[in-house]
Each structure stands twice: as C-alpha cells, then as structure tokens.
Amino acid sequence: MSGIHETGTGGEDSGSSGGGVRIAVFGAGGRAGRAVLAEAVARGYAVTAVVRDPARHADLAGRANVSVVAGDVTDPADVARAAAGHTAAVSAVYTPDTGSRAFYGAASAALVEGLAKAGVTRLVHVGIATTVETAPGVRIMDAPEFPEEWLEFARGHADAADTFAAAGNGLDWLVVCPPMVLDEAGRAGAYRIGTARPVHAAEVDVQGHISYADLGLAVVEEIARPRHHRTVVAVSD
C-alpha cells in the first residue's frame with residue numbers, strides 16, 4: 001500500500017489512555033528516536049526509552065508516560081528485558097564507536113532474538129535512503145559513483161534488513177527509509193509512503209526531504225495502524 005498519508009495531531013487511537021499501547025524505543029536519545037518518542041507520547045502511548053547511558057538523557061525521564069532504561073541493543077538479553085510487556089519496538093539506533101556493519105549486524109540479530117524472547121512481534125526499524133532500490137536489485141548505494149566513505153554505513157543498514165528478512169514469520173518487521181534530507185522542520189502531519197524495492201518516483205522522493213517529526217509520525221502510524229509488513233518502505237514529504 002502506498003500513497004499520501006495525512007493525520008492530525010493525534011489519530012482516532014490517541015488520548016490520555018493511549019489504548020494500552022506500549023512502545024520500546026531503542027536509540028531514543030537520538031534525533032529520530034526522540035521524534036518517535038514525541039509522536040507516541042502525544043497520542044497518550046507509554047514509551048520505554050532504551051539508551052546506553054540514561055544519565056545523558058535525563059530530559060527524557062521528566063516526560064509523562066516515558067520511562068528511561070539502560071540497554072545495549074546488541075545484547076539479546078538486554079533487548080528482551082527492555083521489550084517485555086510492550087506492544088511493539090522501534091529501532092532508531094546509531095553509534096560512532098564501532099564499524100557500522102559490525103554494529104548493525106549485531107543489533108539486528110539481537111533484536112530478532114530478544115524480541116522473540118519478549119514475545120514482541122512488531123518491529124519498525126529506521127533505515128536510510130541509500131539502501132532503497134532504484135531498479136530491481138539495484139540500490140542507490142550500488143551506483144559506481146557512490147561515495148566510498150558512506151559505504152560502510154549503508155552496508156550496515158542493508159545487512160540489518162537482510163537479517164530481519166531471514167527471521168521468519170514470527171517477526172512482523174518493517175524498515176522505514178527516510179529521504180536524503182532530514183531536518184528539524186515542524187510537523188506537517190502528512191507524508192508520502194511507498195515501496196522501496198524498487199522505489200517509484202511518483203510515490204516517494206528519496207532524494208527529497210522529510211522532517212524528523214514527520215518521520216516519527218510515519219513510524220508510529222505503522223504501529224498504530226500497520227499497513228506494511230516484512231518489507232522496506234520509503235517516506236518523504
């Protein structure tokens with residue numbers, strides 16, 4: 001399913017109770033993770049912000065319906081512990097401390113194993129535009145002119161999607177790829193979403209723009225009202 005999605009400040013499931021929805025956000029201290037958290041909290045959902053060092057994100061702990069816990073996304077036991085009792089999980093993780101392929105390989109494997117142990121079946125992972133296919137089997141990152149210095153990061157994200165795809169039917173995963181330009185512009189409350197294998201320019205502009213707030217909206221909508229399953233999609237404004 002593709003096309004333009006529009007929503008207001010909160011959907012039909014928003015409100016003070018949030019319908020009992022609980023979301024574990026891995027990487028909640030980053031810009032994408034914070035945007036997901038903000039969108040979820042605005043709907044009245046309960047959010048567990050999973051970060052490596054809670055002391056660095058004390059501002060998150062002061063928000064209503066948010067609990068902050070320490071967790072290593074590359075450790076299946078930590079993933080299971082943090083995700084237990086939640087409706088869904090979001091992965092918006094990044095680290096500059098190790099190689100991207102090693103990090104995303106370990107993180108994706110730990111998410112698959114840990115979420116299974118926790119009994120959480122819905123996972124939305126924030127990907128990147130360079131893994132989107134421009135033709136069947138040909139990704140942006142495969143172009144001869146693609147910058148060498150970006151390849152490690154792109155390959156790490158591609159590896160994560162492959163790991164999720166190999167997980168079997170027990171994990172209802174989705175990779176959401178924002179376009180090339182992400183910024184702090186305000187929440188428009190609308191976005192375009194479409195297939196990323198391959199992407200169709202009439203649906204989504206992967207060379208274009210989306211705000212972090214609307215990326216957060218797109219991610220949370222796929223938990224509130226899932227429309228895409230076990231696939232990769234692209235979003236833009």
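Observations on the model:
- By definition, a body whose alpha carbon gyration tensor gives a ≥ b ≥ c is oblate when a/c is 1.5 or more and a/b is not larger than b/c, and the stretch 187-237 fits this oblate description.
- Prolate/oblate/rounded call for the stretch 136-181, Cα gyration tensor, a/c under 1.5 rounded: prolate
- Gyration tensor (alpha-carbon) shape descriptor, the stretch 109-227, a/c threshold 1.5: oblate
- Sequence-distant residues sharing a close amide H with W173 (under 5 Å, placed H): L123, R230
- Among the trypsin sites (Lys or Arg not before Pro) in the stretch 137-237, those placed in a DSSP loop whose Cβ has at most 13 other Cβ atoms within 10 Å are R227.
- Beta-bridge orientation, the chain: approximately 25 percent antiparallel, per DSSP, counting only bridges with both partners inside.
- A helix-only calculation puts the chain at -10000 deg cm²/dmol for mean residue ellipticity at 222 nm, using -39500 (n - 2.57) for each DSSP H run of at least four residues, averaged over all residues.
- Carbon plus sulfur fraction of accessible area for the stretch 105-237, probe 1.4 Å, in percent: 54
- With contacts taken as Cα pairs under 8 Å and at least 6 residues apart, the stretch 125-200 reaches a relative contact order of 51 percent.
- Dipole moment magnitude, nearest 20 debye, the chain about Cα centre, only Lys, Arg, Asp, Glu C-beta charged: 700
- For the stretch 98-117 versus the stretch 176-203, the gap between their alpha-carbon centres in whole angstrom: 25
- Rg and Dmax, both from the Cα atoms of the chain and both in Å, are 16.5, 51.
- Signed unit charges on C-beta, dipole axis of the chain, positive-most listed residue A118, A135, G168: A118
- Computed over the chain, relative contact order equals 22 percent, with contacts defined as Cα pairs under 8 Å that lie 6+ residues apart.
The values are calculated or read from the model by the stated rules, or taken from the named source; none is laboratory data. None of the values given here were measured: they were computed from a predicted structure. Note that we place each Cβ from the backbone using ideal geometry, even for glycine, and neighbour counts take in every protein chain shown. These accessible areas exclude ligands, DNA and RNA; they are computed on the full protein's heavy atoms, side chains included. Shrake-Rupley method; radii C 1.70, N 1.55, O 1.52, S 1.80 Å.
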